[in-house]
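Comments concern the structure below.
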Amino acid sequence: GRFTADAANGKFDGMNVLTDGNEAVIEHIRASGDLLLEEPYNHKYPYDWRTKKPTIFRATEQWFASVDKFRESVLDEIGEVEWLPAIGENRIRGMIGGRRDWCISRQRSWGVPIPVFYDPKSGEAVLTKE
């Protein structure tokens, strides 16, 4: 993966996040006087099990739904479903029962896109009760 223009006002745009971009970020932090320590550290880097490529974590905007407003009705409906295997019911009940917010904008290429309209002037999402 490569840095986009969003990173440090484009300073790292196009640089590979695992090679030259990484070094450029360290140098940028060092030059600003904010680098406290740099030392080599051997660790296992996470790889995607499907593609076998390194997983690159990226902060992106997310959409969340508050589960509090529909938790009880969802828990009621879970009981109306025939779960195969049956253990799936316990799993989903635990996820719904203890969760405050649910991320509905999962960042994955095979996910279902959320239709959103944006204001052309502000770039903000247009949200209405409808």
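The values are calculated or read from the model by the stated rules, or taken from the named source; none is laboratory data. Since the model is a prediction, treat every value here as computed from it, not as a measurement. All Cβ positions, even for glycine, are placed from backbone atoms using ideal geometry, and neighbour counts span all protein chains on display. SASA here: full protein model, heavy atoms, side chains in, ligands and nucleic acids out. Shrake-Rupley method; radii C 1.70, N 1.55, O 1.52, S 1.80 Å.
Scan the stretch 39-53 and tell me whether some residue there is out of contact with any Ser or Thr (no Cβ under 8 Å at 6 or more places or on another chain), in contact (Cβ under 8 Å) with a residue 12 or more places away in the chain and open to solvent by less than 100 Å² (accessible area, probe 1.4 Å).
Scanning the stretch 39-53 turns up no residue that is out of contact with any Ser or Thr (no Cβ under 8 Å at 6 or more places or on another chain), in contact (Cβ under 8 Å) with a residue 12 or more places away in the chain and open to solvent by less than 100 Å² (accessible area, probe 1.4 Å).
Only one of (1) in a loop (DSSP other than H, G, I, E, B); (2) modelled with pLDDT of 90 or more; (3) not small (G, A, S) fails for Q62. Which number is that?
(2)
Taking into account only those residues within the stretch 5-14 that are open to solvent by less than 50 Å² (accessible area, probe 1.4 Å) and in a loop (DSSP other than H, G, I, E, B), which is farthest from H28 (Cα to Cα)?
Checking each candidate, the answer is G14.
Going through K44, K69, K52 one at a time, which residue ends up being within 29 Å of D101 (Cβ to Cβ) and of a type in the set (K, R)?
Testing whether each residue is within 29 Å of D101 (Cβ to Cβ) and of a type in the set (K, R) leaves just K69.
Just to be sure before I move on: is E23 over 26 Å from E124 (Cα atoms), acidic (D, E), in contact (Cβ under 8 Å) with a residue 12 or more places away in the chain and open to solvent by 70 Å² or more (accessible area, probe 1.4 Å) in the structure I sent?
In short, no.
Of the residues F64, F57, which single one is open to solvent by 100 Å² or more (accessible area, probe 1.4 Å) and in contact with a Cys (Cβ under 7 Å, 6 or more places away or on another chain)?
From the options F64, F57, the qualifying one is F64.
Give all pairs with beta carbons closer than 8 Å in which a residue from the stretch 75-98 that is closer than 20 Å to F64 by Cβ and without any contact (Cβ under 8 Å) to a residue 24 or more places away in the chain meets a residue that is open to solvent by less than 50 Å² (accessible area, probe 1.4 Å) and not hydrophobic (A, V, I, L, M, F, W, C); count only pairs at least 6 apart in sequence or on separate chains.
Pairs found: L75/G97.
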